[in-house]
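Reading through the structure tokens given below for one structure.
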């Protein structure tokens with residue numbers, strides 16, 4: 001989970017990525033950090049948010065790749081929950 005949060009921070013601070021993608025990465029991180037729900041529920045919610053971002057036509061390829069990697073890691077976390 002720590003690695004996922006670090007990559008989301010990296011994406012949120014990348015000035016070559018459109019502002020709405022950076023904002024979405026921050027929102028996904030905040031969602032993951034909410035401790036009022038089970039981790040698998042938070043991971044599934046973040047996956048949903050990130051999937052929308054990955055489909056944005058304005059996202060550069062490296063940003064899309066980062067999002068896909070994060071989604072893959074979150075899917076593993078959500079299956080363990």
Original post:
Summing -39500 (n - 2.57) over the DSSP H runs of n ≥ 4 in the chain and dividing by its residue number, what mean residue ellipticity at 222 nm do you reach, to the nearest 500 deg cm²/dmol?
Top reply: -25000 deg cm²/dmol
Original post:
Looking only at 27, 13, 37, which one moves most when the chain is put into a Gaussian network model with springs between Cα atoms under 10 Å?
Top reply: 37
**OP:** Could you work out the relative contact order of the chain, using alpha carbon pairs under 8 angstrom and six or more residues apart, expressed as a whole percent?
**Re:** 34
Original post:
Using the 10 angstrom Cβ neighbour count as an exposure proxy, how do 31, 42, 79 rank, fewest first?
Top reply: 79, 31, 42
Subject >> Using alpha-carbon coordinates, inclination of helix 39-54 to the longest axis of the chain, degrees >> reply: 20
Subject >> Selected from 58, 20, 35 as most flexible by GNM, with the chain as the system and alpha-carbon contacts under 10 Å >> reply: 35
Original post:
Anyone know which of 39, 61, 11 comes out most mobile in the 10 Å Cα GNM of the chain?
Top reply: 61
**OP:** Determine the gain in length on full extension of the stretch residue 36-residue 62; use 0.36 nm per residue of separation and subtract their C-alpha separation, reporting nm with one decimal.
**Re:** 6.1 nm
Original post:
For region 26-81, max minus min Cα coordinate along each principal axis, in Å, sorted largest first?
Top reply: 33, 19, 13
**OP:** Using only Cα atoms, find the angle between the long axis of helix 2-12 and the longest principal axis of the chain, and express it within 0 to 90 degrees, rounded to the nearest 10.
**Re:** 30
**OP:** Calculate the spin-label point distance for residue 26 paired with residue 73, positioning each point 7 Å from the Cα along the beta-carbon direction, and give it in nanometres.
**Re:** 2.0
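Quick note: the coordinates plus some simple rules give every number you see, no bench work behind them. What you are looking at is a predicted structure, and each value in this text was computed from that prediction instead of being measured. As a convention, Cβ positions derive from the backbone with ideal geometry for all residues, glycine included, and neighbour counts pool all protein chains shown.
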